[in-house]
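Below is one structure, written out as structure tokens, with a few remarks after it.
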Amino acid sequence: MSDVAAPSTATSLDVQAVRAQFPYLERPEGIVYLDSGASAQKPRPVLDAMYSFAGLHYANVHRGVHRLAIEADTAYDAARRTVAAFVGSTARETIFVKSITEGINLVAHTWAEQHVGEGDEVVITHMEHHANVVPWQQLCLRKGATLRYLELDEEGRIDLAQLDGFLAAGRVKLVALAHVSNVLGTRNPVAEVVRRAHEHDALVLVDGAQAVPQEPVDVAALGADFYGWTGHKLYGPTGIGVLHVRRELLADMPPFLTGGDMINVVDFQETTWATGVQRFEAGTPPIVEAVGLAAACDWVDAIGGIAAVHAHEEAITAYALERLATVEGLRVVGPRDAAGRGALTSFAFAGAHPHDVAEILARREVCVRAGQHCAEPLHRAMGIPATTRASYAAHTTREEIDALVDALGEVARIFA
Ligand SMILES: Cc1ncc(COP(=O)(O)O)c(C=O)c1O
């Protein structure tokens, strides 16, 4: 798969029709929600699907033979197929977890627990979210392995030559990196990283938390061994994440959590495990949430598809970059060109703390996030204590970017 995100032939999005489906936009305050990178708002079809399933078709799954149990089983299994197909994966390789954080921990405690040992290396990058840092730190501490970081250039990009250097030593077992950075917006050349890593028998885990809501992703074509993402950033509910694992790896992976639903035979002292993805879904899974996430995938398809969402968000990001460049004292971090980045812009403001910036914006109902965005090592590497982030979605308009920039003008005046 190419590392370029979306085909240029995407159908265009009817943004006003999209906006009409978000209840929060009916509030009287005129909220400008530029915080979808933290968590997306939910459109009515997603809320309706969850309400209807929970009210009319609900039961626990994989347990009952009555009408409601069969309907719930059918809906849960269909949800897995829909969610897998949305990113070019298969149901047999798609595990439902609580969040991508849990998905990455699952890999760290199963495959990595077996395959990473003393003297081995795990490679991540300076731009990772803590979800893709801390599990690897802990693994390396447990195993006596070494955690190496790919550094970033001044536009926040990794250097494939540095990766080649790490791989050449032959000790790297895993490369774990974000598809799209949640702070810089950098889109990493994942297919190329996979190709290079596989040449040296290293596996690749991709954190797709920011990529899946923003651009077409084809997990099979990327070739990643593990690809994780999280439902609440794709207009779906909280409490559900997705981990795709290459089929050949799944068969040999030990379970992560143990208990009901993930077993084959339970004897007094020993237990055998279920096969396939069920081995990794101990206990009652997020059933209503799976239905909601599938509805979110269907909703994205219904509004024109993820390629159309991507084209819209790229245009919005280009406009935001252009307008933010006019604000005195403001510096956007990450790639300068909208085509090479995701739909968010994080910035530092000379003389103003990001929390003050966010508060001044909040007075005008402009919702952004301030702080380190769960990426403290990145901020250390950049030498900036914190940033303010505005992130964009299918419902974002140019007028909302104008509202952001107007409010930032007030920040500039206050801190001048
Ligand atoms: C790049 C990235 N990875 C991982 C996460 C963690 O997602 P969750 O809290 O849903 O596990 C986030 C959330 O902000 C993210 O942006």
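Side notes on the structure shown:
- Of V212, V206, all but one fail to be within 23 Å of the chain's Cα centre (by Cα), within 16 Å of the ligand (Cβ to nearest atom) and outside any loop (DSSP other than H, G, I, E, B); the exception is V206.
- Residues located in region 249-278, provided they are acidic (D, E) and at pLDDT 95 or above: D267, E270
- Failed item, numbered, when A75 is tested on (1) of a type outside the set (K, R); (2) part of a helix (DSSP H, G or I); (3) in contact (Cβ under 8 Å) with a residue 60 or more places away in the chain; (4) surrounded by 23 or more Cβ atoms within 10 Å (Cβ to Cβ): (4)
- Output for region 360-416, where each listed residue is within 19 Å of the chain's Cα centre (by Cα) and of a type in the set (A, V, I, L, M, F, W, C): V368, A370, C374, A375, L378, A390, A393, A394
Quick grid of which residues meet (1) free of Cβ contacts under 8 Å to residues at least 12 places away in the same chain; (2) within 30 Å of G383 (Cα to Cα); (3) out of contact with any Phe, Trp or Tyr (no Cβ under 6 Å at 6 or more places or on another chain):
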{"site": "R67", "(1), (2), (3)": "yes, no, yes"}
{"site": "V83", "(1), (2), (3)": "no, no, yes"}
{"site": "V87", "(1), (2), (3)": "no, no, yes"}
{"site": "H115", "(1), (2), (3)": "no, no, yes"}
{"site": "V122", "(1), (2), (3)": "no, yes, no"}
{"site": "N132", "(1), (2), (3)": "no, yes, yes"}
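To keep it simple, each residue is scored yes or no on (1) surrounded by 15 or more Cβ atoms within 10 Å (Cβ to Cβ); (2) more than 16 Å from the ligand (Cβ to nearest atom); (3) in a helix (DSSP H, G or I).
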| position | (1), (2), (3) |
| --- | --- |
| S12 | no, yes, no |
| V18 | yes, yes, yes |
| Y24 | no, yes, yes |
| G30 | no, yes, no |
| A40 | yes, no, no |
| L47 | yes, yes, yes |
| Y51 | no, yes, yes |
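- Restricting A318, A358 to residues that are outside the structural domain of H57 (by TED's automatic domain parsing), in contact with a Cys (Cβ under 9 Å, 6 or more places away or on another chain) and closer than 30 Å to A381 by Cβ narrows the list to A358.
- For region 84-121, taking the residues that are of a type in the set (V, I, T) and under 18 Å from A375 (Cα atoms), the one that is farthest from the ligand (Cβ to nearest atom) is identified as I104.
- Within region 224-235, the residues that satisfy the criterion of being farther than 17 Å from A108 by Cβ and touching a Ser or Thr at 6+ places or on another chain (Cβ under 9 Å) are G231, H232, K233, Y235.
- Test: residue in region 391-406 that is assigned to a strand (DSSP E or B) and surrounded by 24 or more Cβ atoms within 10 Å (Cβ to Cβ): yes
The values are calculated or read from the model by the stated rules, or taken from the named source; none is laboratory data. None of these values were measured; they are calculated from a predicted model. In this analysis, Cβ positions are derived from the backbone assuming ideal geometry, glycine residues included, and neighbour counts consider all displayed protein chains.
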